[in-house]
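K.L.:
I have a structure I would like to understand better, so I am pasting it below and will then ask my questions one at a time.
We did not get these values from a lab; they are worked out from the coordinates using the rules stated. None of the values given here were measured: they were computed from a predicted structure. All Cβ positions, even for glycine, are placed from backbone atoms using ideal geometry, and neighbour counts span all protein chains on display.
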Amino acid sequence: MVEGAVERMRGARAYASFIGIGLAAGLLSGLFGVGGGTVIVPLLVLLLAFDQRLGAGTSLAAIVPTALVGVISYAVHDSVAWIPALILAVGSVVGAQIGTRLLPRISQTALRWCFVGFLVIVIVSLFLVIPSRGAVLELTWVTAPLLLVLGLFTGVLAGLIGVGGGIVVVPALMLAFGTSDLVAKGTSLLMMIPTAISGTIGNLRNHNVDLVAAAFIGLSACTTTALGAWLATLIDPFVGNILFAVYLAFIAVQMALKAIRGRKPRTA
């Protein structure tokens, strides 16, 4: 079934779409420290008739090289907290397994509305708390377990509703941990790499990855990720917060629309 669908996606239009999707996702990934899945998945579904699971699996595989280039780009500016990122990744990998097990038992509509509410709070906070470019993420006996909890929460959320870690981790590091916006983004991208690799291995076993599409999207994204990271260093932190708030508002609207559609009664 999946193989037949994949065959229909091949052609000049499909490859051009893969490249265009990758360019857009890479720019956003570098600029905001997110994986780009919120762009990749809906575009694969809308433009190329991918089903949701295949789109999500392909997106996760494409994120691996994209995040790697993003990490290198932020590391050049000394904007990656390496050990905290690994702690976040451990929590996220474990949390994702918990989330996927809880998935059949929890209402997706209720989860989506809760997440929309969470994003609204974050968006408002981004206008009230402006990160300092000089702030660092200090690892202490207090912050280490809190980072693990944040990773767990992020992973559970990813397993339940399929959202990437960046849209949770970046604002959390800025608002709750007082981290600079650049360090938050670089650390978020590093956290994604082991998480994405782990998820991709599982998706490959379940045949939920289009490797050709993932390769085209991932390699295309790599060409613009560094550009996005460079732009992030030029933008004033307050302006960066506003742009990130707009991005989160876009995701909140998408999630709200899914929640509304999920409440509509099915017709026979």
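K.L.:
Principal axes first, then extents: for the Cα atoms of segment 168-268, list largest minus smallest coordinate on each axis, whole Å, largest first.
P.N.:
In descending order, the Cα extents are 53, 34, 24 Å.
K.L.:
Using Cα pairs closer than 8 Å and at least 6 residues apart in sequence, work out the relative contact order for the chain, in percent.
P.N.:
Over the chain, the number comes to 39 percent.
K.L.:
Give the calculated FRET efficiency between Phe250 and Ile83 to the nearest 0.05, with a Förster radius of 30 Å applied to their Cβ-Cβ distance.
P.N.:
The value I calculate is 0.40.
K.L.:
With angles folded into 0 to 90 degrees, how steeply does helix 166-175 sit against the dominant principal axis of the chain? Use alpha carbons for both and round to 10.
P.N.:
Between helix and principal axis, roughly 10 degrees.
K.L.:
Hey, what angle do you get for helix 143-161 against the long axis of the chain, alpha-carbon based, 0 to 90 degrees rounded to 10?
P.N.:
20
K.L.:
Okay, moving on. To one decimal place, what Kirkwood hydrodynamic radius in Å is obtained for the chain from all pairs of distinct Cα atoms?
P.N.:
Hydrodynamic radius (Kirkwood, Cα only) of the chain equals 18.5 Å.
K.L.:
Using only Cα positions of segment 28-170, each an equal point scatterer, no hydration layer, compute I(q)/I(0) via Debye at q = 0.12, 0.15 Å⁻¹ and quote the log10 values to two decimals.
P.N.:
-0.56, -0.88
K.L.:
Running Debye on segment 103-183 with equal point scatterers at the Cα sites and no solvent, what base-10 log of I(q)/I(0) appears at q = 0.14 Å⁻¹?
P.N.:
Relative scattering, expressed as log10 I(q)/I(0), comes to -0.53.
K.L.:
Helix 52-76 versus the longest principal axis of the chain: what angle, 0 to 90°, nearest 10, using Cα atoms?
P.N.:
30
K.L.:
I've got another one for you. Show that you can apply the helix-only estimate: for the chain, add -39,500 (n - 2.57) for every DSSP H stretch of four or more residues, divide by all residues, and state [θ] at 222 nm to the nearest 500.
P.N.:
Dividing the helical sum by the residues of the chain leaves -27000 deg cm²/dmol.
K.L.:
Right, another one. For a label point 7 angstrom out from the Cα of Arg101 toward its Cβ, which stretches of segment 133-176 have the backbone nitrogen within less than 13 Å?
P.N.:
Only 156 fall inside the zone, counting backbone N under 13 Å.
K.L.:
Next question. Rounding to the nearest 20 debye, state how big the charge dipole of the chain is about its Cα centre with +1 on each Lys and Arg Cβ and -1 on each Asp and Glu Cβ.
P.N.:
Roughly 980 debye for the chain.
K.L.:
Applying 1/(1 + (r/R0)^6) with R0 = 41 Å to the Cβ-Cβ distance of Tyr15 and Trp141, what FRET efficiency is obtained, to the nearest 0.05?
P.N.:
Efficiency, from the Cβ-Cβ distance: 0.20.
K.L.:
Using Cα pairs under 8 angstrom and six or more residues apart, how large is the relative contact order of segment 115-268, in percent?
P.N.:
Once divided by the residue count of segment 115-268, the mean separation gives 38 percent.
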